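**Q** Starting off with a structure, shown below.
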Amino acid sequence: MNTATVEIRKGLAGVVVDYTAISKVNPDTNSLLYRGYPVQELAAKCSFEEVAYLLWHGELPTQEELEQFRAAERAGRALDPSVKAVIDALPTTGHPMDVCRTAASVLGARHPLAEDSSPEANLTKAKDLFAAFPAVVAYDQRRRRGQALVEPRDDLGYSANFLWMTFGEEPVEEVVEAFDVSMILYAEHSFNASTFTARVVTSTLSDLHSAVTAAIGALKGPLHGGANEAVMHTFEEIGIRTEESLDEAAGRAKTWMEHALAQKKKVMGFGHRVYKHGDSRVPTMKAALDKMIAHYGRPEILGLYNGLEQAMDEAKAIKPNLDYPAGPTYHLMGFDTPTFTPLFVASRITGWTAHIMEQTASNSLIRPLSEYNGVEQRSV
Ligand SMILES: CC(=O)SCCNC(=O)CCNC(=O)[C@H](O)C(C)(C)COP(=O)(O)OP(=O)(O)OC[C@H]1O[C@@H](n2cnc3c(N)ncnc32)[C@H](O)[C@@H]1OP(=O)(O)O
Ligand SMILES: O=C([O-])CC(=O)C(=O)O
């Protein structure tokens, strides 16, 4: 084919690849629906467990279904000793996302339904991963701090137990609510890079854990999930000074941003492939961040947040994405910066596995074309 007649869509930008009934991202109205429900409404009225159930089943659970699901989730929370042994064998100098990727793979290799990709088996495996992952993320942060494993508590909900296993202290309700909101907002976002990766792997008729393991690899990068960690590195580079006023912090952040943009730097936590007028999830996540700033009494964090946002808006009119308010929220809660993207993994397991099941139900091998632009045919 003549190159002049071929339209190359780098990064598949603007290309519609398939149907999905799981979520609808509408950049014109800045809206995001999970199975028809606005995500803001789900964040205000539902628990993360209910939202996970909705993503997999297409409907919110009845009270009885929720109780059954919660009981199964609580029964699957303990860290599998073989997964713990593998984590313990990994260096603490490596990135926690490598630990997540390895843990997903080990959980797959040990699952009794590993090679069964029937709808029932995939649903079971999705729910098992959902239940098992908080222990992986929580334990990995603890071991890096030289702390021992904290066993799960089955009298706590998903988010309260996650915080309990991470910090070994019963969290206050306000913090649990903000964390739960972040899990709901991170759960699903149509054909983003990691979900698409999971669908590509699934399209070869490979298994669910292989698809999730690959998706974790895709999420790690700073152009995708790794941006929540990168946002905190920006805050740290500017310098977090607890004694500083909101205005002083905002001033320093603005100066930092002006300098960064003058050097043509990409600042993580801003911009989005689909949303060009702001990310639908940011107002809800920012409200959760505001509550945490008030709860922990940290106005300087708001100063840094506002300063960067204003300077970016004035210079390039580029808006923050979900990772921007999520990063400082997790920081205030006490998570170590490299743990932020693993928190995203724990949440996005729901969306990924819903897409894996959707892809399986209506499969076609994903195999696009490329246009060759190397040297013309020649002889050895
Ligand atoms: C949960 C999530 O995964 S949300 C995304 C998280 N990722 C980030 O926060 C990483 C930072 N952001 C980015 O790199 C980009 O905005 C992306 C990758 C998310 C989307 O990018 P694309 O749709 O491919 O747009 P692209 O990167 O081409 O940017 C268009 C223009 O805006 C600029 N731009 C976009 N984002 C940023 C940014 N964060 N900082 C500075 N400039 C930016 C680009 O430099 C480019 O400018 P130019 O036309 O003068 O060259
Ligand atoms: O949709 C995207 O490209 C990235 C994103 O916001 C997400 O995965 O949540």
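The values are calculated or read from the model by the stated rules, or taken from the named source; none is laboratory data. This structure is a prediction, so every number in the text was calculated from the model and none was measured. Counting neighbours? That spans all protein chains shown, and the Cβs are built from the backbone with ideal geometry, glycine included. The area values use the complete protein model at the heavy-atom level, side chains included, leaving out ligands, DNA and RNA. Shrake-Rupley method; radii C 1.70, N 1.55, O 1.52, S 1.80 Å.
**Q** Of these, Leu246, Leu308, Leu332, Leu302, which one is more than 14 Å from ligand 2 (Cβ to nearest atom), more than 25 Å from Tyr34 (Cα to Cα) and open to solvent by less than 10 Å² (accessible area, probe 1.4 Å)? Don't jump to the end; show me each part of the working.
**A** Numbers: Leu246 fails: open to solvent by less than 10 Å² (accessible area, probe 1.4 Å); Leu332 fails: open to solvent by less than 10 Å² (accessible area, probe 1.4 Å); Leu302 fails: open to solvent by less than 10 Å² (accessible area, probe 1.4 Å).
Exactly one residue qualifies, and that residue is Leu308.
**Q** OK, next. In this structure, does Ile216 turn out to be in contact (Cβ under 8 Å) with a residue 40 or more places away in the chain and surrounded by 22 or more Cβ atoms within 10 Å (Cβ to Cβ)? Even if it seems obvious, please write down each step before you answer.
**A** On the way: in contact (Cβ under 8 Å) with a residue 40 or more places away in the chain: yes; surrounded by 22 or more Cβ atoms within 10 Å (Cβ to Cβ): yes.
So Ile216 fits the description; yes.
**Q** Please identify the pairs in which a residue from region 255-272 that is within 15 Å of His224 (Cβ to Cβ) has its Cβ atom under 7 Å from the Cβ atom of a residue that is among the hydroxyl-bearing types (Ser, Thr, Tyr) and within 16 Å of ligand 2 (Cβ to nearest atom), counting only partners at least 6 apart or on another chain.
**A** Matching pairs, first to second residue: Gly269/Tyr324; Phe270/Tyr324.
**Q** Please give the helices (runs of 4 or more DSSP H) falling wholly within region 33-110 in which 3 or more residues are touching a strand residue (DSSP E or B) at 6+ places or on another chain (Cβ under 7 Å) and farther than 24 Å from Asp336 by Cα. I'd like the intermediate steps shown before the answer.
**A** On the way: elements: 39-45, 48-57, 63-75, 81-89, 96-110.
In region 33-110, the matching helices (runs of 4 or more DSSP H) lie at 48-57.
**Q** β-branched (Val, Ile, Thr), open to solvent by 10 Å² or more (accessible area, probe 1.4 Å) and part of a helix (DSSP H, G or I) - does that describe any residue in region 122-142? Break it down into steps so the answer makes sense when it comes.
**A** To start, the set of residues in region 122-142 that are β-branched (Val, Ile, Thr) comprises 124, 136-137.
The next check asks that each one be open to solvent by 10 Å² or more (accessible area, probe 1.4 Å); those that pass are 124.
The next check asks that each one be part of a helix (DSSP H, G or I); those that pass are 124.
So far as region 122-142 goes, yes, one or more of its residues are β-branched (Val, Ile, Thr), open to solvent by 10 Å² or more (accessible area, probe 1.4 Å) and part of a helix (DSSP H, G or I).
**Q** Looking at Ile216, Ile238, which one is within 28 Å of Asn192 (Cα to Cα) and either out of contact with any Leu (no Cβ under 7 Å at 6 or more places or on another chain) or away from ligand 1 (no atom under 15 Å from the Cβ) (or both)? Before you say what the answer is, go through the steps one by one.
**A** On the way: Ile238 fails: within 28 Å of Asn192 (Cα to Cα).
Only one candidate qualifies: Ile216.
**Q** Please go through region 249-261 and give me each residue that is open to solvent by less than 80 Å² (accessible area, probe 1.4 Å) and away from ligand 1 (no atom under 11 Å from the Cβ), ordered by number. Don't jump to the end; show me each part of the working.
**A** To start, the set of residues in region 249-261 that are open to solvent by less than 80 Å² (accessible area, probe 1.4 Å) comprises 249-254, 256-257, 260-261.
Selection gives Ala249, Ala250, Gly251, Arg252, Ala253, Lys254, Trp256.
**Q** Still on this structure, I have one more. Can you tell me which of Ser210, Ser182, Ser206 is among the polar types (S, T, N, Q), modelled with pLDDT of 95 or more and either buried (at least 22 other Cβ atoms within 10 Å of the Cβ) or within 11 Å of ligand 2 (Cβ to nearest atom) (or both)? Outline the logic, then answer.
**A** Details: Ser210 fails: either buried (at least 22 other Cβ atoms within 10 Å of the Cβ) or within 11 Å of ligand 2 (Cβ to nearest atom) (or both); Ser206 fails: either buried (at least 22 other Cβ atoms within 10 Å of the Cβ) or within 11 Å of ligand 2 (Cβ to nearest atom) (or both).
Residue meeting the stated conditions: Ser182.
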